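These notes are about the structure you will find just below.
The values are calculated or read from the model by the stated rules, or taken from the named source; none is laboratory data. Because the structure is predicted, anything quoted here is derived from the model rather than measured. Glycine gets a Cβ as well: all are built from the backbone with ideal geometry, and neighbour counts include every protein chain shown.
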Amino acid sequence: MRTQSKGFVLLSVVWVVALLTIIVLGFGHRAMLERRVAAHNMDRIQAQYLARGATQRGMVELRNKAALDRFMGRPGRTSFDQRWKNPPDLIEDEAIFLLGGEYEVEDEICEYRIRDEEGLISVNHAPREVLENLDGLGFRAVGEIMSRRQSTTGRGQAFMSIEEIRNLDGVDDRYWEGTRDRPGLRDVLTVWGTDGRININTAPAAVLEAIPELDGGDVELILSAMGRDEDGLDAARGRGVRDIAVFLDELNFSVDKRASVERHGKVDSSFFTVTGVASQRRGTIQAKSVAAVEIRDEDITVLEWREDYGGA
């Protein structure tokens, strides 16, 4: 009986030790998972703040644009040969990752991009003839846009997001998404602006072709004269137009074409979108901050701010 009792006690001890081992391992595994989650959340927060900082850095660049333009003797012009279009590398050029000490920056990104919204076509302000001339936006869709704009009260911001255009009658995926050879409506339309005129210095070819009286050859000539590629997206040498009338004189445009470009075009902009992007863990965690802003002289007003993050 005594031997059996000892055996039972030993077996009980073994079971208790095993149970305690399982509990300890469980707590350890849980602690490890919680540590990983905490580290992931911290990296995500860091990426988010870096993206915000990049957006703020782009806004500073725009705020300084007017002062820099006056200093360089080119006020009243927004074009691709200016500093805002060629942002610095925030990691290599400005070393923002190193401000707090040693930091691993291999395969990480922290940058901002600025888009001139007045180089696009404003669905809230563009004249009907420009909208009707835009490839992929049919008469029914244009009619809905004009009807909505005419019924809008208050500040008159009929469309708050360009994605609303996707739901209009007659707008299908082919025209909305675009193709390899042709940008989609989402890439040439905007909700920002006030006068509906197009900045010819920054407008892509598809936008310039929507100006009445202009054809593909005219647009190609305009882009070539400014040193931009055939899509109108980049500056090869960078020659922004300061005076439309003088510029059109050089191109020997007809009276009708000149009148149309002068009526629908301009050379300076006040509305921009600044997008800041940053990553952590070699790009597996990414964050983005987007600010729509209006610039008047050296003052900047944030019209909209939105954020997103992705990755594992």
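Is it the case that some residue within the range 192-207 is of a type outside the set (Ser, Thr, Tyr) and free of Cβ contacts under 8 Å to residues at least 60 places away in the same chain?
Yes: the range 192-207 contains one or more residues that are of a type outside the set (Ser, Thr, Tyr) and free of Cβ contacts under 8 Å to residues at least 60 places away in the same chain.
Among the residues of the range 154-195 satisfying the criterion of being over 27 Å from residue 294 (Cβ atoms) and among the acidic types (Asp, Glu), which is surrounded by the fewest Cβ atoms within 10 Å (Cβ to Cβ)?
Selected residue: 181.
Here are the criteria: (1) at pLDDT 80 or above; (2) more than 16 Å from the chain's Cα centre (by Cα). Tell me which single one residue 96 does not satisfy.
Every listed condition holds for residue 96 apart from (1).
Are any residues in the range 268-290 among the β-branched types (Val, Ile, Thr) and modelled with pLDDT of 95 or more, and if so, which ones? Working first, answer last.
First, the residues of the range 268-290 that are among the β-branched types (Val, Ile, Thr): 273-275, 277, 284-285, 290.
Within the range 268-290, 273, 274, 275, 290 meet the criteria.
Answer yes or no as to whether residue 172 is charged (D, E, K, R), over 19 Å from residue 132 (Cβ atoms) and at pLDDT below 85. Let's see the steps before the verdict.
Working: charged (D, E, K, R): yes; over 19 Å from residue 132 (Cβ atoms): no; at pLDDT below 85: yes.
Against the criterion (charged (D, E, K, R), over 19 Å from residue 132 (Cβ atoms) and at pLDDT below 85), residue 172 does not qualify.
What single numbered condition from (1) closer than 29 Å to residue 242 by Cα; (2) buried (at least 19 other Cβ atoms within 10 Å of the Cβ) fails to hold for residue 132?
Unmet condition: (2).
Taking residue 57 as the residue in question, decide whether it is basic (Lys, Arg), in a helix (DSSP H, G or I), surrounded by 16 or more Cβ atoms within 10 Å (Cβ to Cβ) and at pLDDT 75 or above.
yes
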